[in-house]
Amino acid sequence: MRISKLLSILLIAVAQGAAAKDDSLAAGRAVRLVEQYVGAEAPGPQYAVVTAERMLFAYAGGWADIQNQKAMESDSTLMAYSMTKAMTAVAVLQLVDRGKLSLDDSIDRYLPDSPYHGQGITVRQLLNHTSGVPNPIPLRWVHLAAEDADFDEAQALADVLREHPALAFGAGQKYAYSNIGYWLLGKVIEKASGQSYPAYMRANVLRPLGLSPQEMDFVIPDPQHHAKGYLAKYSWMNLAKGFLIDRKFFGDYEGNWLHLEDHYLNGPAFGGLIGTAQGFSRFLQDQLRAESVLFTQGTKHLLQAAQTDGAGQPLRMTLGWHLGETDGEVYLFKEGGGGGFHSEMRLYPRQGIGTVVLANSTGFHASQFLNRVDRLFFESR
């Protein structure tokens, strides 16, 4: 392959005083590191690094479509999966900001027919994953993009709740991740706002950030600019796929990669966003600025503050972000992964930067990638 032709590298080192030289050096080193992942862990990744005011670095390279030799471009869309949860949390806190709901409201107020009615679960507990709502493997909670026009989300959720009616533990007792919990938060948003979840998100989160549908949305805006998702041919996930997902999602092998057909998650609030690294970087920039366009400064602080469980024990969790550390730098992050894609975005408060990577491979090690590449931009400005 003609690597220089295919990588479609976007290097951004804005000439603003002495900062440009350091940015350029970091960018050059970053390109060499990112290239190690292209074709090895994913056909094509996108990666972006931003401060509150500018893009430090952006990369799009490799293949969006191996069979048809389509390069991964900066405007190629990819599935973000659970990175969506951070945006769902933003919407909930917006509604708190606007007096439409309270974090300590019982979810019974908004979801009277839930099987978890009367268990004392609050909105806050759904946000920080201490609700006790179970978390079965969600890999089958998907449908083909071609089936979307006839898909019934309400029925899909009802089926899942009927199959999993009991809490895993008492509300507030401890942390345990739950996709169902965030699916339910989407329904809380709908009840409190009077709008469908996607409609509320578009009007109150995506559009205020200045994002076009090609940068972030819940449907594939242009199939010709949507990256194919892949499983590595020689991987445990590929060997086990028949036990995990329906065969209708399997496409053809394209070299050493199995193509997975375009699809959507059944619950948009827990993983339905589709977008680009540069689109998600706009959200990161908003969260790095002193004044967010999404909510008040106090609410932004609330979103980023560490939480505790019902016994007062600290959680590695805020009301939407998880908490991590690398090279002594504490960061907020949200990872997303599923059929054919893997991603992660981070905020480094002390460094004043945000980073995001999306790749079209289930087995792409997003956290490892960011741990290696992000450090190049620490204090480089």
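In region 317-344, what residues are farther than 18 Å from V90 by Cα and either in contact with an Asp or Glu (Cβ under 6 Å, 6 or more places away or on another chain) or not polar (S, T, N, Q) (or both)? I'd like the intermediate steps shown before the answer.
Filtering region 317-344 for residues farther than 18 Å from V90 by Cα gives 324-330, 337-343.
Hits for region 317-344 are G324, E325, D327, G328, E329, V330, G337, G338, G339, G340, F341, H342.
Consider only pairs whose beta carbons are under 8 Å apart and that are at least six residues apart or on different chains; among these, list those whose first residue lies in region 34-56 and is closer than 19 Å to L231 by Cα and whose second residue is surrounded by 18 or more Cβ atoms within 10 Å (Cβ to Cβ) and among the basic types (K, R).
Between residues of region 34-56 that are closer than 19 Å to L231 by Cα and residues that are surrounded by 18 or more Cβ atoms within 10 Å (Cβ to Cβ) and among the basic types (K, R), the close pairs are P43/K228.
Assess whether K241 counts as being under 30 Å from A156 (Cβ atoms), buried (at least 20 other Cβ atoms within 10 Å of the Cβ) and without any contact (Cβ under 8 Å) to a residue 24 or more places away in the chain.
Working: under 30 Å from A156 (Cβ atoms): yes; buried (at least 20 other Cβ atoms within 10 Å of the Cβ): yes; without any contact (Cβ under 8 Å) to a residue 24 or more places away in the chain: yes.
The answer is yes for K241.
Among the residues of region 51-99, write down those that are of a type in the set (V, I, T) and under 17 Å from the mean Cα position of the chain (by Cα). Break it down stepwise before answering.
Step one: list which residues in region 51-99 are of a type in the set (V, I, T), which gives 51, 66, 77, 84, 88, 90, 92, 96.
Within region 51-99, T77, T84, T88, V90, V92 qualify.
Scan region 298-312 for residues that are part of a loop (DSSP other than H, G, I, E, B) and in contact (Cβ under 8 Å) with a residue 40 or more places away in the chain and jot them down.
Q307, D309, G310, A311, listed by residue number.
Can you tell me how many residues within region 250-293 are open to solvent by 10 Å² or more (accessible area, probe 1.4 Å) and aliphatic (A, V, I, L, M)?
Going through region 250-293 one residue at a time, the tally reaches 4.
Of the residues E53, E147, E73, only one is charged (D, E, K, R) and either over 30 Å from S361 (Cα atoms) or open to solvent by less than 10 Å² (accessible area, probe 1.4 Å) (or both); which? Outline the logic, then answer.
Numbers: E147 fails: either over 30 Å from S361 (Cα atoms) or open to solvent by less than 10 Å² (accessible area, probe 1.4 Å) (or both); E73 fails: either over 30 Å from S361 (Cα atoms) or open to solvent by less than 10 Å² (accessible area, probe 1.4 Å) (or both).
Every option except E53 fails the conditions.
Of all residues in region 93-114 being among the charged types (D, E, K, R) and assigned to a loop (DSSP other than H, G, I, E, B), which is farthest from N204 (Cα to Cα)?
Selected residue: D113.
Considering only residues of region 57-70 that are part of a loop (DSSP other than H, G, I, E, B) and open to solvent by 20 Å² or more (accessible area, probe 1.4 Å), which is nearest to G229 (Cα to Cα)? Lay out the reasoning, then the answer.
At the first step, the residues of region 57-70 found to be part of a loop (DSSP other than H, G, I, E, B) are 61-62, 66-69.
Filter once more, keeping what is open to solvent by 20 Å² or more (accessible area, probe 1.4 Å): 66-69.
Details: I66: 10, Q67: 12, N68: 14, Q69: 14 Å.
Filtering first and then ranking leaves I66.
What single numbered condition from (1) open to solvent by less than 50 Å² (accessible area, probe 1.4 Å); (2) part of a loop (DSSP other than H, G, I, E, B) fails to hold for Y234?
(1)
Of everything in region 327-353 that's part of a strand (DSSP E or B) and closer than 21 Å to E73 by Cβ, which residue is most open to solvent (accessible area, probe 1.4 Å)? Before the answer, list the steps.
Our first condition is that a residue be part of a strand (DSSP E or B); within region 327-353, this holds for 329-338, 341-348, 353.
So of that shortlist, the ones also closer than 21 Å to E73 by Cβ come out as 336, 341-345.
On the way: G336: 2, F341: 6, H342: 34, S343: 1, E344: 1, M345: 0 Å².
Out of the qualifying residues, it is H342.
The values are calculated or read from the model by the stated rules, or taken from the named source; none is laboratory data. Owing to the predicted nature of the structure, the values given are computational and were not obtained by experimental measurement. Because the Cβ atoms are built from the backbone with ideal geometry, glycine has one as well, and the counts that use them run over all protein chains shown. SASA here: full protein model, heavy atoms, side chains in, ligands and nucleic acids out. Shrake-Rupley method; radii C 1.70, N 1.55, O 1.52, S 1.80 Å.
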